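The values are calculated or read from the model by the stated rules, or taken from the named source; none is laboratory data. Remember, predicted model here, so these are calculated numbers, not experimental data. As a convention, Cβ positions derive from the backbone with ideal geometry for all residues, glycine included, and neighbour counts pool all protein chains shown.
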């Protein structure tokens, strides 16, 4: 197989789009973008194919001439996509990759039995519609057959990413970690918008007003780690302020639940004063919420 093999991308969503463009910019020939039969999926595939000089096809019409086939579909669709393409080509000598963070290379077991070297290659990055993040310095978790991992390592290096070997049994915890770093962080910020509304600040305005503090918090975390970046009433041991927060959040029960959970995590993992008293205060709030 050549140093820069031709690559087919299965899928045309946010991850597939970012990956295809990054691969193209790194000098890889994107041979084909393969999509589902639905008209919207095929339109996205054709649009992406034009950007990277590839052809677009549905699963039923795919030529599958690329040496590397990269499945960028939802977790629950990986096995089905592999089954749909199992008879489309001779798999011996080819590399099959998927980009699930939670699932292992065994999702491609059928193609492995057909002779392909298989691996899971997951970038620790968030991909959403309307955003195309750079993959430079992004960690890629690699797991699978030796030949496929070797190929994936070369590709990640060309993309400017960072290679990270992971064991199959660690993938679920790894993906949960990634979920804390972005999706649940987003959920926390949106919860904050609802609390802002209780303070009389419209959610759109709250989003803009929070950004400076969010950016500084991330900068502090990057430079000073968690303990150095931590501030507020818990590190000061300010019990009265925490009690005021809990009282006012009774009108937003879900936000109060999030507050209590995160405050308890702070007491466990971060520095602070009056920890025992604060823990009792939080437990008392949780019991009251449970009774109600």
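Structure values in brief
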{"read-out": "Among residues of region 81-103, those that are surrounded by fewer than 22 Cβ atoms within 10 Å (Cβ to Cβ) and under 12 Å from residue 148 (Cβ atoms), counted", "value": "1"}
{"read-out": "Of all residues making up region 69-91, the number that are in a loop (DSSP other than H, G, I, E, B), at pLDDT 95 or above and under 17 Å from residue 56 (Cβ atoms)", "value": "2"}
{"read-out": "Subset of region 117-131 [crowded, with 17+ Cβ neighbours inside 10 Å and in contact with a helix residue (DSSP H, G or I) (Cβ under 7 Å, 6 or more places away or on another chain)]", "value": "117, 118, 119, 120, 121, 124, 127"}
{"read-out": "Test for residue 222: is it farther than 24 Å from residue 283 by Cβ and assigned to a helix (DSSP H, G or I)", "value": "yes"}
{"read-out": "Selection count, region 14-49, where residues are surrounded by 17 or more Cβ atoms within 10 Å (Cβ to Cβ) and not in a helix (DSSP H, G or I)", "value": "8"}
{"read-out": "Failed criterion for residue 276 (all others in (1) assigned to a helix (DSSP H, G or I); (2) in contact (Cβ under 8 Å) with a residue 24 or more places away in the chain hold)", "value": "(2)"}
{"read-out": "Residue list for region 247-261, restricted to those being surrounded by fewer than 13 Cβ atoms within 10 Å (Cβ to Cβ) and in contact (Cβ under 8 Å) with a residue 40 or more places away in the chain", "value": "251, 254"}
{"read-out": "Test for residue 266: is it in contact with a helix residue (DSSP H, G or I) (Cβ under 6 Å, 6 or more places away or on another chain), touching a residue at least 60 places away in the same chain (Cβ under 8 Å), surrounded by 12 or more Cβ atoms within 10 Å (Cβ to Cβ) and outside the structural domain of residue 127 (by TED's automatic domain parsing)", "value": "no"}
{"read-out": "Answer from 204, 158 - the residue that is in a helix (DSSP H, G or I), out of contact with any strand residue (DSSP E or B) (no Cβ under 7 Å at 6 or more places or on another chain) and surrounded by 14 or more Cβ atoms within 10 Å (Cβ to Cβ)", "value": "158"}
{"read-out": "Test set (1) in contact with a helix residue (DSSP H, G or I) (Cβ under 6 Å, 6 or more places away or on another chain); (2) under 20 Å from residue 192 (Cβ atoms); (3) outside the structural domain of residue 192 (by TED's automatic domain parsing) - residue 235 fails condition number", "value": "(1)"}
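Table: residues versus (1) within 20 Å of the chain's Cα centre (by Cα); (2) assigned to a strand (DSSP E or B); (3) within 17 Å of residue 28 (Cβ to Cβ).
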| position | (1), (2), (3) |
| --- | --- |
| 107 | yes, no, no |
| 112 | no, no, no |
| 120 | yes, yes, no |
| 127 | yes, no, no |
| 131 | yes, no, no |
| 134 | yes, no, yes |
| 153 | yes, no, yes |
| 164 | yes, yes, no |
| 169 | yes, no, no |
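Listed here are the residues, each with its yes/no results for (1) free of Cβ contacts under 8 Å to residues at least 40 places away in the same chain; (2) more than 14 Å from residue 5 (Cβ to Cβ).
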position: 63; (1), (2): yes, yes
position: 92; (1), (2): yes, yes
position: 105; (1), (2): no, yes
position: 117; (1), (2): yes, no
position: 138; (1), (2): yes, yes
position: 145; (1), (2): no, yes
